[in-house]
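Peer 1: Here you go, one structure.
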Amino acid sequence: MTRAPESFLELADLLSYVGQVVGRGIPGAVWVRAELSSVTDRRHLYLDVVQLQDGQEIAKARATLWARERYSLEGKFRRATGGGLRAGMKVLLYVTAEFHPQYGFSLHILDVAPEFTVGDQMIKLDNIRRVLDAEGLLTRNRLLPPPGDFSRVAVVSPRQAAGLEDFAREAERLQRVGVTDFVYLSATFQGKEAPASLMGALSAALLAHLEAPLDALVIIRGGGAQTDLAWLNDLELARAVARFPVPVITGIGHARDDSILDEVACIRADTPSKAAAYILNTVAGAAGTALDAYRQIRTLGREVLTQAQSSSGWMQARVTRAAQGRVKGESERLDSTMRAVLGLTPQRTLSRGYALVRGPAGAVVTRAAQVRTGQGLTLEFVDGVVGVRAEPSVQEIGPGQ
């Protein structure tokens, strides 16, 4: 049987020794760049900080922001970024490394550099812009013609958000009277799951568009910190919005700051309420234009009808007069023709001293060429008939005969 070692250290002694080594190895505080993977608020802030490489976690530690420093540091961070420390942020922390025999290794946060966090987000945003521009997507949705009217609209927003209530309050006025149909879709706008959640909502909106065409897609959320925009600055999400087949309207609640979704959208409204107002005003404008057009058509119709009626009476009188004149003229011409016809009857002609020449068969002879020398003819006078025989004419006898 093997005997137990007679020389050993108590756990507390070993860990105390480790603490001394850590203390001697890292004298004082240092600036550390890391990403926040979790933040727990229990008066003190307890954070998990990590380092990622190619999406894989290669280092992790606990960090603590004690209450005595928390409020001043958070205040500085909030003034610069508009919000507090949140999971998913990249941060630059001024820390001391500590090792406690009971609580293990941790970082004690003494300061934070908010400009690093903002700068990191700006760098990421610039990179996304460059990729979208190279792919021809940066202005694709922005160049779509803005809707002239809204009959069917998809709306993506966080569930039960105050901004959604503001939007729905205005939109309900249109939906109640059956002017516009709104299709509401929910998505998460903050946290690591935000891009995937929003992509799911966009897919649902695309299906809704295929079922019945949409006039627009609206993406809204209430106001928040500048750092909250980081969740929306996602390349794949930006691509999906840029490629959406109908104009996209954003009302993300940041009047001074943009997300990449604002930049690629066709129309940007500062808040959900302004997005709703834009739709309401467009519909009202379209209705007003239609009403004005209707009134103009009605007025012009009345004028044309009045003119037609007046012209109809005038034309009717003119046509009547023309017809009466035509009938009178034709009647006079007919009468003249009848008079001429009656005046040229054979009896009327004979009574004027003329004679009617007939050939052997009784046919009327009207030309000398029809008569042969020696041919018997009948001369019909008004009071009788005389027979004669044709003799050669002077032209036929000729000179000296």
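Peer 1: If you take the residues of region 237-282 that are closer than 25 Å to residue 131 by Cβ and modelled with pLDDT under 90, which of them is surrounded by the most Cβ atoms within 10 Å (Cβ to Cβ)?
Peer 2: Only one residue tops the list, namely 252.
Peer 1: Could you please let me know if residue 236 is of a type outside the set (Val, Ile, Thr), assigned to a helix (DSSP H, G or I), under 19 Å from the mean Cα position of the chain (by Cα) and more than 24 Å from residue 152 (Cβ to Cβ)?
Peer 2: Criteria not met by residue 236.
Peer 1: Please work out which one of (1) in a helix (DSSP H, G or I); (2) of a type in the set (S, T, N, Q); (3) buried (at least 17 other Cβ atoms within 10 Å of the Cβ) is the condition residue 141 fails and give its number.
Peer 2: The single condition residue 141 does not satisfy is (1).
Peer 1: Return only the number of the condition from (1) of a type outside the set (Asp, Glu); (2) under 30 Å from residue 283 (Cβ atoms); (3) in a loop (DSSP other than H, G, I, E, B) that residue 153 does not satisfy.
Peer 2: Only one criterion in (1) of a type outside the set (Asp, Glu); (2) under 30 Å from residue 283 (Cβ atoms); (3) in a loop (DSSP other than H, G, I, E, B) is unmet by residue 153, namely (3).
Peer 1: In region 38-65, which residue that is at pLDDT 90 or above and among the polar types (S, T, N, Q) is surrounded by the fewest Cβ atoms within 10 Å (Cβ to Cβ)?
Peer 2: If we take residues in region 38-65 being at pLDDT 90 or above and among the polar types (S, T, N, Q), then 40 is surrounded by the fewest Cβ atoms within 10 Å (Cβ to Cβ).
Peer 1: Consider residue 189 carefully, then state whether it is over 27 Å from residue 236 (Cα atoms), aromatic (Phe, Trp, Tyr), in the same structural domain as residue 247 (by TED's automatic domain parsing) and assigned to a loop (DSSP other than H, G, I, E, B).
Peer 2: Details: over 27 Å from residue 236 (Cα atoms): no; aromatic (Phe, Trp, Tyr): yes; in the same structural domain as residue 247 (by TED's automatic domain parsing): yes; assigned to a loop (DSSP other than H, G, I, E, B): yes.
Considered against the rule, which asks whether it is over 27 Å from residue 236 (Cα atoms), aromatic (Phe, Trp, Tyr), in the same structural domain as residue 247 (by TED's automatic domain parsing) and assigned to a loop (DSSP other than H, G, I, E, B), residue 189 comes out as no.
Peer 1: Here's another thing I want to ask about it. Just checking, how many residues over region 197-214 are hydrophobic (A, V, I, L, M, F, W, C) and closer than 10 Å to residue 185 by Cα?
Peer 2: 5
Peer 1: What is the one condition in (1) touching a residue at least 40 places away in the same chain (Cβ under 8 Å); (2) β-branched (Val, Ile, Thr); (3) farther than 21 Å from residue 71 by Cβ that residue 39 does not satisfy?
Peer 2: (3)
Peer 1: Filter region 83-131 for residues that are closer than 21 Å to residue 44 by Cβ and either acidic (Asp, Glu) or assigned to a helix (DSSP H, G or I) (or both) and give the result.
Peer 2: To start, the set of residues in region 83-131 that are closer than 21 Å to residue 44 by Cβ comprises 83-89, 91-114, 117.
Scanning region 83-131 gives 98, 111, 114, 117.
Peer 1: Return the only residue of 78, 62 being outside any strand (DSSP E or B) and either farther than 20 Å from residue 192 by Cα or in contact (Cβ under 8 Å) with a residue 12 or more places away in the chain (or both).
Peer 2: Details: 62 fails: outside any strand (DSSP E or B).
The conditions single out 78.
Peer 1: In addition: Going by the conditions given, is residue 117 within 23 Å of residue 189 (Cα to Cα), of a type in the set (Ser, Thr, Tyr) and not assigned by TED's automatic domain parsing to the domain that holds residue 21?
Peer 2: Taking the combined requirement at face value, the residue satisfies it.
The values are calculated or read from the model by the stated rules, or taken from the named source; none is laboratory data. The model shown is predicted, which means the values in this text are computed figures rather than measured ones. Cβ atoms come from the backbone with ideal geometry, glycine included; neighbour counts cover every protein chain shown.
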